[in-house]
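The values are calculated or read from the model by the stated rules, or taken from the named source; none is laboratory data. Just so you know, these numbers come straight off a predicted model, no measurement behind them. Here the Cβ is made from the backbone with ideal geometry for all residues, glycine too, and neighbour counts use every protein chain on show. Remember, those area values only see protein heavy atoms, side chains included, never the ligands or the DNA or RNA. Shrake-Rupley method; radii C 1.70, N 1.55, O 1.52, S 1.80 Å.
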Amino acid sequence: MSAQKKRNFQIEAFKHRVVVDPKYAEKTWKILEHAIHEIYNHNASGLSFEELYRNAYNMVLHKFGEKLYSGLVNTMSFHLKEISKGIEAAQGELFLVELNRKWADHNKALQMIRDILMYMDRTFIPSTHKTPVHELGLNLWRDVVIHSSKTQTRLRDTLLELVHMERSGEVINRGLMRNIIKMLMDLGSSVYQEDFEKHFLDVSADFYRLESQQFIESCDCGDYLKKAERRLNEEIERVSHYLDARSEPKITSVVEKEMIESHMQRLVHMENSGLVNMFVDDKYEDLGRMYNLFRRVPNGLSIVRDVMTSYIRDTGKQLVTDPDRIKDPVDYVQRLLDLKDKYDKVISLAFNNDKTFQNALNSSFEYFINLNARSPEFISLFVDDKLRRGLRGVSEEDIEIVLDKVMMLFRYLQEKDVFEKYYKQHLAKRLLSGKTVSDDAERSLIVKLKTECGYQFTSKLEGMFTDMKTSQDTMQGFYARFGAELGEGPTLVVQVLTTGSWPTQASTTCNLPPEILGICEKFKSYYLGTHTGRRLSWQTNMGSADLKATFGKGQKHELNVSTYQMCVLMLFNNADRLSYRDIEQATEIPAVDLKRCLQSLACVKGRNVLRKEPMSKDIAEDDAFFFNDKFTSKLYKVKIGTVVAQRETEPENQETRQRVEEDRKPQIEAAIVRIMKARRVLDHNNIVTEVTKQLQSRFLPNPVVIKKRIESLIEREFLERDKEDRKLYRYLA
């Protein structure tokens, strides 16, 4: 196929020019100008908008757009000047009404004019970068009407006066206010801000500065906060009714600054009604209001938190150091729990469970609970009291609540190993005397301690329960074999305790009565016959006994006594009078225990199964004791001096402390060796830091003790000092 020929197309201009009537533009503009006048004069019903649109279209098409645009500006300006005069002439309250009415009229007129000049708006204006018709109308309204010398200041003052009236409790026309404010916003955010908002914020600041000063002089803290909260809510409501939404953070900031931030310190420390008084009087509503208001301003909550922390620390310090309060350990711990409950409730109800406040509360408790070195002992005594009798008849849920509270206090202790020492002693006494309220509660607490401190902390406690169960089985086996042989003799119940698990101290065994000694020897031979490689040593200081006793006139009682007390009482089967020295020689009970034992048998009213001569509260070595024939009691079963855990005396406390310190030494050494094994070379300060970090879950090791343990390890060649730097240690494999 042959290639097609290329054709070039060319569009040529008209051969003749279209000539427009020179007067065409003037005539057409006159028609449009007349229409604009009619629109502003509310006579638009007789106009043909289609024809007017076509006229405006033709003017733009024939390049008369500039004439059309400038004519529009002049005509609108003329009408707006007339409107402005009418508005300026309006008196009093009619000023805003007139302004609002004329603004609505102007908007309607502007809509119609924009429809007529739509073609100019779409073509001529974008190409010449002029202001569109609607925007032009707004700008002219702003410049001619709003910014006229007589209107601008008057409008601002009128609006501010209405706001002031509303703040003073008067009712104003909010609908009219909303329309006027919206007009300012429609004219551009800068108009709203410059003509109204800026002045509104300044006037508000002055208003609230003055009002807050009046309030703070005449109100207490709670009332002041109520007024501040009400004012804040009023401003938020005002914004929602007739101000720009973007004004809300600005006006609330003004109220916050003038009513709260400027007076924070004075409010918090206000005499008889400040923060501390709110805590004392449990004013949760006021506290919640203070929290919600203060959180709105910088550093507001930190001021509240600091005052709360300081007050709790002072209160707690008084509680743990007051000699009268320390006398009763159970009451001491209960007061701590009540204090914690009180502030937990404050944080929950008033402070929105704020974590920073919870942390402040925890650090305060940790601070003052460790000011009293006996806190671990007292908490253990509290547990002992609850698990002996305090929780009898209480539901499982309530028991769990009490135990959880105890665990909360336990977490604050720095010397958890001291608590463990006492807890083990008290648990042993509960288990051996059968005085625990519930095994489930005991085990529940041990599980909680295990969760908190790990297996090592509770392994021995669990071993104690295992021993109790094993002992039951052992006794069943013993009586199965020897029951018939023993006949009517004394009944023996033995608890076999594993040496490492129980807090037993080396004690000299007292001389048991012959009636008891026989069955004890029988049990010993039975036990050693069934278990190889074991040794039994009797812990007579930890036992108890039930004795049947006959008094004068044949009155019979069953006496519940300790093993030591039993040994003493059984001597009176063969003697009416025994001196202190006779008893001491016959029983070989340690002097301290013997005196305590005789005191409980002879000096306690209602429990005095022995008589003492001479009568006195204390036991002397030349005292004589007699069987009290005249003893009477309404009860058949009489408990005499059953050992209940009591707070230790100062010497006992010192002794326990020394034992704890001794127990800590191998733990500190083990930590040092673990650290050095991993790090090989380390300086002294870092070792102290690392050891403290590893052991702080049990106790806070003393740096001096750590230094001594390092010296001991160097002597035993676990570590060596660096030859050049004496503060540097090396691990020796």
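Assorted remarks:
- Computed over the stretch 544-639, relative contact order equals 32 percent, with contacts defined as Cα pairs under 8 Å that lie 6+ residues apart.
- Computed over neighbours whose Cβ is under 13 Å from that of D143, the net charge equals 0, Lys and Arg +1, Asp and Glu -1.
- Taking GluC sites (Glu not before Pro) across the stretch 168-268, the ones in a DSSP loop with at most 13 further Cβ atoms lying within 10 angstrom of their Cβ are E170.
- I83 sits among other residues whose Cβ lies under 14 Å from its own Cβ, and their net charge, with Lys and Arg +1 and Asp and Glu -1, is +2.
- Span from the the stretch 314-392 Cα centroid across to the the stretch 673-733 one, whole angstrom: 36 Å
- One Cα centroid belongs to the stretch 42-58, the other to the stretch 130-172; the line between them spans 32 Å.
- For the stretch 467-530, the relative contact order works out to 44 percent when only alpha carbon pairs closer than 8 Å and six or more residues apart are counted.
- Here the 3J(HN,Hα) profile of the stretch 596-607, calculated from phi with Karplus coefficients 6.51, -1.76 and 1.60 at θ = phi - 60°, is 5, 5, 5, 4, 6, 8, 10, 10, 9, 4, x, 10 Hz, Gly and Pro shown as x.
- Beta bridges by DSSP in the chain, antiparallel share as percent, to the nearest 5: 85 percent
- Computed from backbone phi, the HN-Hα couplings of the stretch 319-326 come to 5, 7, 10, 6, x, 5, 6, 6 Hz, rounded to whole numbers (Karplus: 6.51 cos²θ - 1.76 cosθ + 1.60, θ = phi - 60°; Gly and Pro given as x).
- Estimated distance in nm for a label pair at D223 and Y367, the labels positioned 7 Å out from Cα along Cα-to-Cβ: 3.4 nm
- Extension gain, Q265 back to R726 (0.36 nm per residue minus Cα-Cα distance, nm): 160.7 nm
- Förster-model FRET efficiency, 60 Å R0, Q599 and R296, C-beta, rounded to 0.05: 0.35
- For the stretch 719-724, putting each phi into the Karplus relation 6.51 cos²θ - 1.76 cosθ + 1.60 with θ = phi - 60° gives couplings of 10, 9, 7, 5, 5, 8 Hz, in residue order, rounded to whole numbers and with x for Gly and Pro.
- Solvent-accessible surface of the stretch 263-409, taken per residue with a 1.4 Å probe and all protein chains present: 45 Å².
- Longest to shortest principal axis, alpha-carbon extents of the stretch 187-233, angstrom: 45, 18, 7
- Peptides ranked, highest mean first, by Cβ atoms within 10 Å: ranges 705-715, 469-479: 705-715, 469-479
- Stretch gain in nm, segment E621-N359, where the contour uses 0.36 nm per residue and the Cα spacing is subtracted: 88.6 nm
- Gain on full stretching of the segment that runs from A90 to D206 - 0.36 nm per residue minus C-alpha separation: 38.8 nm
- Among P490, F478, T530 - extreme Cα towards positive end, dipole of the stretch 467-530, charges at beta-carbon: T530
- The listed peptides 368-381, 521-534, ordered by packing as a protection proxy, come out as 368-381, 521-534 (highest mean of other Cβ atoms within 10 Å first).
- Over the chain, all Cα pairs binned in 10 Å intervals from 0 give whole-percent P(r) values of 2, 10, 12, 12, 11, 9, 8, 7, 7, 7, 5, 4, 3, 2, 1, 0, listed from short to long.
- Of all accessible heavy-atom area on the chain, the percent that carbon and sulfur account for (1.4 Å): 49 percent
- With all projection directions averaged, the alpha carbon convex hull of the stretch 549-658 covers 7.7 nm².
- Across the stretch 304-463, the mean sequence separation of Cα contacts (distance under 8 Å, 6 or more residues apart), normalised by length, yields a relative contact order of 24 percent.
- K630 paired with N574, simple spin-label distance in nm, labels 7 Å along Cα-to-beta-carbon: 2.9 nm
- Peptides 106-113, 278-285 ordered by packing proxy, namely the average of other Cβ atoms within 10 Å per residue, highest first: 106-113, 278-285.
- Think of it as helices only: each DSSP H run of n ≥ 4 in the chain is worth -39500 (n - 2.57), and spread over all residues that comes to -20000 deg cm²/dmol at 222 nm.
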